[in-house]
Amino acid sequence: MVEDTIFIEQALDSLSNVPQAVSVFLNTSSPIYKSILDDIYKIATVIIASFNAWFAYVIFKLKNKKEDETKEADRKLALMKTLVLDYNLKHMYSFFDDLIVHLNELKQKNANKKDIEQHIQTDFKSLNESFINLLAAIDLNLHSELLQKSDNFRDKLVENIGDEGINLYVSQKYSELIEDPYCKFKQDMISCLFNYKGK
């Protein structure tokens, strides 16, 4: 501990001599060295000041850009809630309710698959018109994502229903090809809306 203190005192003594040494060097050196050192000092000062000004400007612009993006995201979220979700989310849930009623008809052995398919097509058309298409006014990417999920699920349902080699009245087949994809689709739609951040 004592050795550390002595070392620190010696280092401080050495550092305190640096200004004197520089002063002696400047006083004893030729005017040319003084002029060169003075020029280097001025150039270094200008470079450091310029870098600091540029750095401050970049930080300011980045901060403003991030704040603008956050404000825009908040605005989009508020618009989606006010213009679409508050008034039209009920249509999405109504679609799910109607769809599962029509899908459950497939559990009957003598179910009319063509009629059920027409009802399903009508259900999806209603979902698009009363809910999904309105999202295009807020965010085209969100609209496209939900529309693609809806179209893919509808096509898969129609394909499974139209396959004459599949007996959907068999509980296992109905669960595998109708009920499970329905639950997954419903979950994906809600998850997509929940994860929307307005960006």
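The values are calculated or read from the model by the stated rules, or taken from the named source; none is laboratory data. Being a predicted model, the structure only gives us computed values, none of them experimental. Glycine gets a Cβ as well: all are built from the backbone with ideal geometry, and neighbour counts include every protein chain shown. All accessible areas refer to the heavy atoms of the entire protein, side chains included, with ligands and DNA or RNA removed. Shrake-Rupley method; radii C 1.70, N 1.55, O 1.52, S 1.80 Å.
Considering segment 87-110, the residues that are among the aliphatic types (A, V, I, L, M) and exposed (fewer than 15 other Cβ atoms within 10 Å of the Cβ) include one that is nearest to the chain's Cα centre (by Cα), namely LEU89.
Results for (1) closer than 22 Å to GLY198 by Cα; (2) among the polar types (S, T, N, Q), shown as yes or no for each residue.
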{"position": "ALA49", "(1), (2)": "no, no"}
{"position": "VAL58", "(1), (2)": "no, no"}
{"position": "THR70", "(1), (2)": "yes, yes"}
{"position": "ASN112", "(1), (2)": "no, yes"}
{"position": "SER126", "(1), (2)": "no, yes"}
{"position": "ILE132", "(1), (2)": "yes, no"}
{"position": "HIS143", "(1), (2)": "yes, no"}
{"position": "SER150", "(1), (2)": "yes, yes"}
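Candidates in segment 72-86 are the residues that are open to solvent by less than 90 Å² (accessible area, probe 1.4 Å) and aliphatic (A, V, I, L, M); of these, the one that is nearest to PRO181 (Cα to Cα) is LEU85. Any residue in segment 173-199 that's touching a residue at least 60 places away in the same chain (Cβ under 8 Å) and farther than 18 Å from ASP155 by Cβ: show its pairings with residues that are surrounded by fewer than 16 Cβ atoms within 10 Å (Cβ to Cβ) and of a type in the set (Gly, Ala, Ser) at Cβ separation under 7 Å, as long as the two are six or more apart or on different chains. From segment 173-199, the pairs are LYS197/ALA73; GLY198/ALA73; LYS199/ALA73. Select from segment 170-182 the residues that are open to solvent by 30 Å² or more (accessible area, probe 1.4 Å) and under 29 Å from the mean Cα position of the chain (by Cα) and list them in ascending order. Those that are open to solvent by 30 Å² or more (accessible area, probe 1.4 Å) and under 29 Å from the mean Cα position of the chain (by Cα): ASP180, PRO181. Does any residue of segment 153-169 turn out to be under 14 Å from MET92 (Cβ atoms), at pLDDT 85 or above, within 17 Å of the chain's Cα centre (by Cα) and among the hydrophobic types (A, V, I, L, M, F, W, C)? No, that holds for no residue.
Taking the condition assigned to a helix (DSSP H, G or I) and free of Cβ contacts under 8 Å to residues at least 24 places away in the same chain, does ALA53 pass?
Judged against the criteria, ALA53 is a match.
The set of residues in segment 146-169 being within 14 Å of LEU127 (Cβ to Cβ), touching a Phe, Trp or Tyr at 6+ places or on another chain (Cβ under 9 Å) and surrounded by 14 or more Cβ atoms within 10 Å (Cβ to Cβ) consists of LEU146, LYS149, SER150, PHE153, ARG154, LEU157.
Hey, does segment 115-131 have a residue that's open to solvent by 20 Å² or more (accessible area, probe 1.4 Å), under 30 Å from ALA73 (Cβ atoms) and touching a residue at least 40 places away in the same chain (Cβ under 8 Å)? Checking segment 115-131: at least one residue is open to solvent by 20 Å² or more (accessible area, probe 1.4 Å), under 30 Å from ALA73 (Cβ atoms) and touching a residue at least 40 places away in the same chain (Cβ under 8 Å).
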